[in-house]
Amino acid sequence: MARAFVSAVQADGPGSERTLRRFQWLAAVTGCDVVVGKLFEPHLDALSIIDELEGAASSTPLLPGLPADPIWAVWAAEGPGQLNALEDAEGAWHLRGIKSWCSGAARVDAALVGARDASGNSRLFAVGMKSAGVAITGEGWSAVGMAQTDSVDVRFDSAPAVPVGGPGRYIDRIGFWHGAAGIAACWHGAAVAIAQPLRQRAVSGRSPADPFVLAALGAVDARLTASASALREAAHAIDQHRSGGAAFGQREALRVRAIVEAAAETVIHCSGRALGAGPLCRDAAHARRVADLTVFLRQSHADRDLAALGARVAQEGDAPWML
């Protein structure tokens, strides 16, 4: 999928809808399998981060010994574990400690890992998963949802690492909030897939006039249509930002994530109420998709993100509420 995505984007050439194509891929892949989408998105994000911070078209030169098309992860969130980055007398960097929530730890070739340097600054480092001092544990993940991502703790014992950008550059770069919006495209794709059994029930001969099924489908349609519109608008705004236009930052990213999150939660809620326990108990793919998306949505910080959005709206003036 990663190679197919790169080929498709290269075939498109430069254009104003590149971000929309990226969102469409993220949604389609996650709609097929939420776990795969959860691993596919950070791989694409890692390539964008490396290109933005290091100016490299390829990720391979950062670390020797990687395969020709390495699969990357991004483990930047600060969890229960503590990871420190130490620079030796020769200027080489090593990671020491535990990184939590390392999705795809056993499946990827390399990762961009967030750690704290001796001054307490947050920095990003590239590390190969086959490097000495890297140990994948079986600890840190007990959830049923997203179980197949293997989001376990990884222990680093003086593992060699390469800095990617300077202190704070991971968050300060222009693409940070662009990537945050991309996660919402994954949520949308999974929600669309979860909505399909509801739509199929409504159009089948089994209960075409069931008012509760139709009401649920109406609610789902309204939310998913708004979600898709928000993502299309965000994709256009991101392309404009990269071309020197108005900024697409925290306010814009949190807004689109809130819209998509609300749509996904509506889909899960309305589908469950209208269809009952049947699909959740007898359709393994549907049940796993619901469980996986429920966990994936918690990558949002819920009311904390809404509070941050409200603070931005209060500080930065008018919100685009008027038609």
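Taking only protein heavy atoms and a 1.4 Å probe, the accessible area of the chain is 55% carbon and sulfur. Net charge dipole, the range 1-159: roughly 280 debye, given to the nearest 20, about the Cα centre with Cβ charges of +1 for Lys and Arg and -1 for Asp and Glu. With the charge dipole of the range 132-291 set up from +1 on Lys and Arg Cβ and -1 on Asp and Glu Cβ about the Cα centre, the Cα lying farthest toward the positive end among the listed residues ALA263, VAL134, TRP177 is that of ALA263. Computed on the range 233-278, the Cα convex hull volume stands at 71 Å³ per residue.
Each label point was placed 7 Å from the Cα along the Cα-to-Cβ direction; for SER119 and ALA314 their separation is 3.3 nm.
Give the dimensionless ratio obtained when the Cα radius of gyration of the range 176-250 is divided by 2.2 N^0.38 Å.
1.47
How charged is the neighbourhood of ALA118? Take every other residue with its Cβ under 14 Å from the Cβ of ALA118, and add Lys/Arg as +1 and Asp/Glu as -1.
Overall, the nearby charge balance is 0.
One equal scatterer on each Cα of the range 89-156, no solvent, Debye formula: the resulting log10 I(q)/I(0) at q = 0.13 Å⁻¹ is -0.39. Working note: Cα gyration tensor of the chain, eigenvalues times five, square-rooted, sorted largest first, giving semi-axes of 36, 23, 19 Å. Cut-off 10 angstrom, C-alpha nodes, Gaussian network model of the chain. Which of VAL256, VAL203, VAL34 fluctuates the most? Top of the fluctuation ranking is VAL203.
Put simply, when 180-186, 209-215 are sorted by average Cβ atoms within 10 angstrom per residue, most first, you get 180-186, 209-215.
Converting the Cα gyration tensor eigenvalues of the range 197-308 into ellipsoid dimensions via √(5λ) gives semi-axes, longest first, of 32, 16, 12 Å. When the inverse distances between all different Cα atoms of the range 61-180 are averaged and flipped, the Kirkwood radius reads 14.6 angstrom.
I'd like the distance separating the alpha-carbon centroids of the range 69-135 and the range 194-270, in whole Å. The distance from the Cα centre of the range 69-135 to that of the range 194-270 comes to 35 Å.
In the full protein context, the range 224-286 carries 48 Å² of accessible surface per residue, based on a 1.4 Å probe and ignoring ligands, DNA and RNA.
What you get for the range 79-237, charging only the Cβ of Lys and Arg (+1) and of Asp and Glu (-1), is a dipole of about 500 debye around the Cα centre.
Each of CYS186, ALA277, GLY317 was scored by the projection of its Cα onto the charge dipole of the chain, and the greatest displacement toward the positive side belongs to ALA277; charges sit on the C-beta of Lys, Arg, Asp and Glu. Estimated from helical segments only, the mean residue ellipticity of the chain at 222 nm is -17500 deg cm²/dmol, where each DSSP H run of four or more residues counts as -39500 (n - 2.57). Legend: helices of the chain (whole DSSP H runs) are marked when their alpha-carbon atoms reach 27 angstrom or more along the helix axis and their mean Kyte-Doolittle hydropathy is at least -0.5; marked are 34-54, 176-203, 211-242, 250-275.
At 1.4 Å probe size, with no ligands or nucleic acids counted, give the accessible surface of HIS286 in Å², nearest ten. Using a 1.4 Å probe on the heavy atoms, I get roughly 10 Å². Packing around the peptides 124-132, 242-250, taken as the average count of other Cβ atoms within 10 Å per residue, puts them in this order, highest first: 124-132, 242-250.
Sorted from longest to shortest, the spans of the Cα atoms of the range 127-251 along the three principal axes equal 64, 45, 19 Å. Considering only Cα atoms, the convex hull volume of the range 33-129 works out to 110 Å³ per residue. Counting only Cβ charges, +1 for Lys and Arg and -1 for Asp and Glu, the dipole size of the range 203-323 around its Cα centre is about 300 debye.
The values are calculated or read from the model by the stated rules, or taken from the named source; none is laboratory data. If you're wondering where the values come from, they're calculated on a predicted model, not measured in any experiment. In this analysis, Cβ positions are derived from the backbone assuming ideal geometry, glycine residues included, and neighbour counts consider all displayed protein chains. Only protein heavy atoms, including side chains, enter the accessible area calculation; ligands, DNA and RNA are left aside. Shrake-Rupley method; radii C 1.70, N 1.55, O 1.52, S 1.80 Å.
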